[in-house]
Structures are given as structure tokens and as C-alpha cells.
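Participant: I am attaching a structure below and will ask some questions about it afterwards.
Values quoted throughout were computed directly from the atomic coordinates according to the rules given, and no laboratory measurement underlies them. Note that this is a predicted model, so its numbers are computed, not measured. Here the Cβ is made from the backbone with ideal geometry for all residues, glycine too, and neighbour counts use every protein chain on show.
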Amino acid sequence: GIKLKNLKQMKTTQFFATALTVIALATFTTSCMQDEVVAPASHDASITFDQTGSSGAILTAPDFLYGRATKEYTKDWWTYVVRFPRSQNPLNSASVSAPKLGQLGPIQDLFGVKNGSINRNIDATFNKPILVPVINTIRTYPGTDPNAKPAKGQSVDQYLKASADNFIRQATDVRISLDGEQMDAADIKRLTTDEFKITANKDLANYLDLGLTGKEQTAVSDGFWFIANDLPRGKHVLVTHAEVPTKGITADVTYTITVR
């Protein structure tokens with residue numbers, strides 16, 4: 001990863017990407033989860049933070065993590081989060097406790113809120129990288145709307161990526177702070193996956209505009225992510241902020257992370 005140096009004032013960033021205008025079923029969420037344990041990382045992540053906080057922690061997004069493309073971990077993130085029913089789901093801002101089922105893999109995932117503000121208390125393992133989505137989305141097919149489908153000549157993969165891009169490229173004002181120090185997030189890596197298969201808990205059908213059906217679906221994940229690494233033992237406060245003004249979305253998440 002690249003070390004973050006000379007902490008400076010966060011700057012508002014507008015993210016752009018090419019896109020086809022297509023409507024698909026999906027959802028977005030920012031990063032975070034309460035009292036979480038360990039999970040996998042993602043594919044094409046290369047945040048070029050050039051800053052190291054006073055705590056010595058590193059915010060980064062390497063192209064590969066533990067020999068695996070970083071964006072692939074975002075697939076695992078979604079596969080994990082949709083296992084849980086509404087009452088336990090990390091995407092539910094009303095959830096007060098983490099799912100009982102521990103995460104698997106070499107890194108820890110955080111989960112956030114779709115819209116609004118939330119505080120999460122996180123237990124983290126020393127020397128385990130933490131995958132944090134600042135703002136992200138998933139697009140699924142087939143979904144709950146039978147009329148939402150690829151255009152003639154368009155593949156499912158192209159259809160889902162276009163829809164996800166249409167949302168993520170509207171994200172603005174992405175900000176991150178660690179232990180009160182603002183981090184420059186201008187170069188956070190955007191991670192877009194290829195299509196993958198996902199099967200959600202049946203209780204999530206028609207929940208939070210996820211477009212989930214409870215049956216096997218094809219999905220694409222897209223969003224802005226970073227990895228927090230080398231957090232010293234003890235308590236840390238990580239704050240993420242992102243907006244999608246066209247959708248009326250402002251997502252603020254405060255993670256109080258206890259590294260053991």
C-alpha cells in the first residue's frame with residue numbers, strides 16, 4: 001500500500017465515469033458494521049493516499065491484497081451481507097448488534113448506512129486489514145421489476161455495470177477522517193466488479209431497494225473503497241461521509257474501532 005503522509009484538509013471530489021443510461025434493481029450503502037469480525041478484500045483497489053496519521057495507520061487500496069485482486073473482496077462483502085434477515089442485517093440502520101455469523105477471510109469488512117447518520121462500534125483484530133466502503137452499490141438481475149432488463153444487444157454484465165455507474169458517478173463530497181485528522185481522499189480507488197452470482201436471504205426480498213429476490217441472481221458491485229491497515233491496539237474513530245445529491249442521499253458513518 002502507499003503510506004499517507006502530510007495530512008491535509010479533505011477536499012470535495014466529484015467522480016466521473018462513462019455510462020449507459022439503464023435502469024436496474026439495486027442498492028447502495030456506505031461502509032460499516034457493528035462489532036464485526038473478519039472478512040475478505042476487494043479487486044482493483046488502489047487508493048493513492050499519501051498520508052500517514054499520527055497513529056501510524058495506513059489508508060490505502062492496493063491492486064492486490066494477499067495475492068487476490070482487491071475488487072474481488074467486494075463481491076465477498078455483498079455475499080456476506082445479504083445472508084442476514086432484516087432484523088440482523090448490517091445494512092439496516094436500526095440494527096444494534098452485529099450478525100452472529102463471523103466473517104471469513106484475511107480481512108475485516110465494515111458496513112454502513114444507506115442514508116442518514118449512524119454510529120457503529122467495531123471490534124477489530126490487530127494486523128487485520130479493514131475494508132471500508134465509502135459509498136457503494138449493487139445491481140442485480142433478474143430483479144423484482146420484470147420490465148427491467150438489458151436492451152437489445154446488451155449483455156447482462158454491461159447492463160448492470162451501466163446502471164451501477166449511473167449511480168456511483170453522481171457521488172460527491174467524499175470525506176474521511178481518522179482519529180480527528182482529515183485524510184485526502186481525492187485518489188480513493190473506484191472498484192467495479194464483473195458479474196457474479198449472489199443469493200440473498202428470502203427475508204430481504206423487496207427490502208431497502210436492493211432488488212433482491214431470495215433466489216440466485218447475477219450481480220455487479222461498484223463503489224469507492226479504501227483499506228485501513230496497521231491500526232495500533234486501542235480505540236480509534238474513523239468517520240466517512242458521502243453524498244448523492246440527485247438521490248437525496250447524505251451518508252455519515254462514525255466507527256469507533258477497538259483494536260485488540
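Participant: Mind giving me the FRET efficiency for THR246 and ASP179? R0 is 25 Å, r the Cβ-Cβ distance, nearest 0.05 is fine. Intermediate values should be presented prior to the final figure.
Facilitator: On the way: r = 32 Å, r/R0 = 1.30.
Rounded to the nearest 0.05, the efficiency is 0.15.
Participant: Something else about it: Which value, in debye to the nearest 20, gives the size of the charge dipole of the stretch 126-213 about its Cα centre, when Lys and Arg are +1 and Asp and Glu are -1 at the Cβ? Walk me through the numbers before you get to the answer.
Facilitator: On the way: 11 positive and 12 negative charges, 79 e Å.
So the dipole magnitude of the stretch 126-213 works out to roughly 380 debye.
Participant: For the peptides 133-144, 208-219, 118-129, what is the packing order when you average, over each peptide's residues, the other Cβ atoms within 10 Å and list the highest mean first? Present the calculation step by step, with values, prior to reporting the outcome.
Facilitator: Values: 133-144: 24.2, 208-219: 19.3, 118-129: 17.8.
The packing order, highest mean first, is 133-144, 208-219, 118-129.
Participant: Do any of LYS202/LYS247; LYS75/LYS197; LYS149/LYS197; LYS189/LYS235 go past 21 Å between their Cα atoms, and which?
Facilitator: Values: LYS202/LYS247 27 Å; LYS75/LYS197 9 Å; LYS149/LYS197 17 Å; LYS189/LYS235 26 Å.
Flagged as over cut-off: LYS202/LYS247; LYS189/LYS235.
Participant: Determine, from the Cβ-Cβ distance of LYS149 and TYR66 and an R0 of 41 Å, the FRET efficiency 1/(1 + (r/R0)^6), rounded to the nearest 0.05.
Facilitator: Numbers: r = 37 Å, r/R0 = 0.90.
Efficiency, from the Cβ-Cβ distance: 0.65.
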